[in-house]
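Chemist: Got a structure for you, questions after.
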Amino acid sequence: MSPGMLGILIFAGMLALMALRTPIAVAMFIPGAIGYWAMSGDLALLNLLKGSAVARLTVYDLSVIPLFLLMGQFATQGGLSRSLFQAGAAFVGHIRGGLAMAAILSAAAFGAVCGSSVATSATITQVAYPEMKAHGYHGRLTTAALACGGTLGILIPPSVPLVVYAILTEQNIGKLFAAAMVPGIFATIGYIVVISILCRLKPELAQPSAAVPWPQRWQALAAVWPIAVIFVVVFGGIYGGIFSPTEGAAVGAVGTFVAALARRELGWAGIQRSFIGTAETSAMVFMIFLGADMMNSALALTQMPTRVADWVGHLQVAPLWIIAAIMAVYILLGCVMDELSMMLLTIPVIFPAVMSLDLFGLQPEGKAIWFGILVLMTVGIGMTMPPVGLNVYVVNSIARDVPMNETYKGVWPFLASDLLRMLLLLFFPSLTLGFVALFFK
Amino acid sequence: MHAVFRRIALWFALAGGAAACAMAVLTVVSVVMRAAVSKPIQGDVELVQMGIALCISLYLPWCQLTRANIIVDFFTDKLAPRPKGALDGIGSLLLAVMCLVLAARTAAGAQAVLEAGETTMIIGLPMWWAYAMLAPGLALTALIAIWQGLRQLRGLDDGTPAAAGGAAP
């Protein structure tokens, strides 16, 4: 059998296993191992497996994943999300749709200490949903805003998918975090604009609440200063080259732990929940890594990535169209697949092809960073887009009186703003790279 | 049986959390010492590398026990509980195969590295530690997955896999 044929078989086997409910990590590992064995024999496979798990699990840069997850968990269990929402509501609650805007703002702020969009959705929903319901906000607007606001958890650094991208493509994690800043702020503004337009078109969606007097506003704002300090120290330190991303994550985890303790809301039970939450997500991510490593070793033997790069490089199509097509495929894949696995699976194949294209005359590093942020945008879209959208599930598991279909109807205007932002970033790489250039010379 | 697995996996996960905290504190102390007396802790990077292997190994059993290992639900959503459970059972058993293979090979790797006497560059930690730390987590995960898989095949387990809460990025 030719290597190309075998590569296709391996890929097909993986897709079949995935469709039949095999855990994604396993669906990648087993066909990968069989393919590797078919091409290079049992000795080579046994030898590879001797060190492959250790090689993946002792990567220094990957330690940012459990550390940032731990930081987000401490923030969640310590009740920091509640102060954030209260501060947001104190400032914008009296505007029509203001509580939904406050939810978006607090999700953005929470995203600054949390690298997971599911965790952000869950924690903000817990504090914001009861308030919005009590103020007569329409279910569709409420849940859609919370599900989409949750994606700010990954759009604003730290971001687990971005760390995964950085490791896969051997790019600088700090630079990718810096590149995500402006797009993250755009996303926040975009969602707020969407809420404001929706409420203007249909005033019955949300009732404005009474304005909070200024002294109380400052008081509410004062309660969130630890988060601002942590964010500035962690990312200032990383961007300024004072410490590595791992060191930043460690400082963030310890700082958030202290801030949560100081609020007297984090007890032993909360610490346990933080540990367990970190365990679940970290293990899931690394399991997929182990599976994807096996799959990618096998695919590399079939030379599929080189062939794809070669084929894409010789396409008679404008490079920007190719990128747009890749984004479209990612959005479609995200409809049926988990986004992290999608990245682990496709980036090793697609990335060399992207790097071989001439895009705005960008340097390789700039191109890699810009493309990474575009991929991150598709991950965000995949978290909320029908028919799957993990964030929608999470929000609706808390806001049980809103039917899931209502949420899916409600997310479309937000998705439109996602798409608009993606086009902007696609055509203007400087929006992404400008902030990076500011810090990294 | 579930209670036993649950207790062990929970202790593993909590120990992993403690290890992650230790890693964080070690790193912060090292950063502070570097800033204050420009003397970071010797070999902090190597300790973190070992630490992360330990953490993840300790996290794996809990992840499988709560079925946080993500699956694609999309194509089989409408299936009856019985065939769904059977597919989940096969999935769990395949996961056990993956973990057993990795555990066995990593243990063999530990043996080889021990014999070669490899150590880390700066503070000379024995490299076989990193290998040896992975085996227990992988082995326990495999055991849990076998137990779950057999129950799912017999239609005894109707839990929902990949509970969305908490897991996933």
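The values are calculated or read from the model by the stated rules, or taken from the named source; none is laboratory data. On a predicted model such as this, the values are computed, not experimentally measured, just so you know. For neighbour counting, all protein chains shown are included, and Cβ atoms are generated from backbone atoms with ideal geometry for every residue, glycine included. Heads up: the accessible areas ignore ligands, DNA and RNA and are worked out on the full protein's heavy atoms, side chains in. Shrake-Rupley method; radii C 1.70, N 1.55, O 1.52, S 1.80 Å.
Chemist: Hey, does the stretch A:77-84 have a residue that's over 22 Å from A:I195 (Cβ atoms) and of a type in the set (D, E, K, R)?
Modeler: no
Chemist: Turning to a different aspect of this structure: Please give the helices (runs of 4 or more DSSP H) falling wholly within the stretch A:343-438 in which 3 or more residues are open to solvent by 20 Å² or more (accessible area, probe 1.4 Å) and touching a helix residue (DSSP H, G or I) at 6+ places or on another chain (Cβ under 9 Å).
Modeler: A:390-398, A:404-410, A:412-427
Chemist: Follow-up. Does the stretch A:325-342 hold any residues that are part of a helix (DSSP H, G or I) and within 14 Å of another protein chain (Cβ to nearest Cβ), and which are they?
Modeler: Result: A:L332, A:L333, A:G334, A:C335, A:V336, A:E339, A:L340, A:S341, A:M342.
Chemist: A:V233 passes all but one of (1) more than 30 Å from A:E170 (Cβ to Cβ); (2) in a helix (DSSP H, G or I); (3) among the hydrophobic types (A, V, I, L, M, F, W, C); which number fails?
Modeler: The one condition A:V233 does not meet is (1).
Chemist: Filter the stretch B:136-162 for residues that are under 30 Å from B:Q49 (Cβ atoms) and at pLDDT below 90 and give the result.
Modeler: B:A162
Chemist: Can you name the condition, by its number, that A:M101 falls short on among (1) farther than 23 Å from A:M385 by Cβ; (2) open to solvent by 10 Å² or more (accessible area, probe 1.4 Å)?
Modeler: Failed condition: (1).
Chemist: Here's another thing I want to ask about it. So which residues in the stretch B:1-39 are more than 8 Å from chain A (Cβ to nearest Cβ) and polar (S, T, N, Q), if there are any at all?
Modeler: B:S38, the sole residue that qualifies.
Chemist: A follow-up question, please. Do we find that A:L80 is facing chain B (nearest Cβ under 8 Å) and not charged (D, E, K, R) in this structure?
Modeler: In short, no.
Chemist: Working carefully through the options B:L93, B:L87, B:L114, find the one that is surrounded by 15 or more Cβ atoms within 10 Å (Cβ to Cβ) and under 17 Å from the mean Cα position of the chain (by Cα).
Modeler: B:L93
Chemist: Is it the case that the stretch A:301-320 has a residue that's open to solvent by less than 40 Å² (accessible area, probe 1.4 Å) and over 26 Å from A:L374 (Cβ atoms)?
Modeler: Yes, that holds for at least one residue.
Chemist: Considering each of B:Q42, B:Q64, B:Q49 in turn, give the residue that is more than 7 Å from chain A (Cβ to nearest Cβ), touching a Ser or Thr at 6+ places or on another chain (Cβ under 6 Å) and either over 20 Å from A:A253 (Cβ atoms) or buried (at least 18 other Cβ atoms within 10 Å of the Cβ) (or both).
Modeler: None of the other options fit; the residue is B:Q64.
Chemist: Tell me, please, whether a residue that is within 7 Å of chain B (Cβ to nearest Cβ) and among the basic types (K, R) can be found in the stretch A:44-61.
Modeler: Yes: the stretch A:44-61 contains one or more residues that are within 7 Å of chain B (Cβ to nearest Cβ) and among the basic types (K, R).
Chemist: Those residues that are hydroxyl-bearing (S, T, Y) and open to solvent by less than 20 Å² (accessible area, probe 1.4 Å), I need them from the stretch B:21-39; list them, please.
Modeler: Matches in the stretch B:21-39: B:T27, B:S30.
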